[in-house]
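Single-structure report; data block below.
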């Protein structure tokens, strides 16, 4: 036996045989967005991103988007641009040798 999610609404776990056929079990599964809409109607926000989460994500991303450095070109098959060699040293680390 293995443990799997019961198809359909909810997050119920069930023991299933190792010859479990997901295609057969999907017959009772909700259509695309059916579960999401059902959860929204029921007030279950588990699968939704809250406004607080979105604001926190933008607080991290906006400075990166505003101050994005230009990419540094380098030869294909090389170890990367020379500038990359300095990155680990900023934190007292070093690159591991390739190969």
Kirkwood Rh and Cα Rg combined as Rg over Rh, evaluated for the chain: 1.22
Measuring from the longest principal axis of the C-alpha atoms of the chain, the long axis of helix 51-66 (C-alpha) lies at a number of degrees, nearest 10, equal to 20
If I build a Gaussian network model for the chain, linking alpha-carbon pairs within less than 10 angstrom, which residue out of 19, 44, 86 has the largest mean-square fluctuation? 86
Under a 10 Å cutoff between Cα atoms, tell me which one of 61, 18, 37 has the largest fluctuation in the Gaussian network model of the chain. 18
Over all directions, the average projected area of the alpha-carbon convex hull for region 51-91 comes to how many nm²? 4.6
Run the numbers on region 2-42 and let me know its relative contact order in percent, using alpha-carbon pairs under 8 Å that are six or more apart. 35
In the Gaussian network model of the chain, springs joining C-alpha atoms below 10 Å, which of 72, 54, 14 carries the largest mean-square fluctuation? 72
For region 2-42, what is Rg from Cα atoms divided by 2.2 N^0.38 Å, rounded to two decimals? 1.27
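Bear in mind these aren't lab numbers, they're just calculated from the coordinates by the rules spelled out. Every value quoted in this text rests on a predicted model; they were computed, and no experiment measured them.
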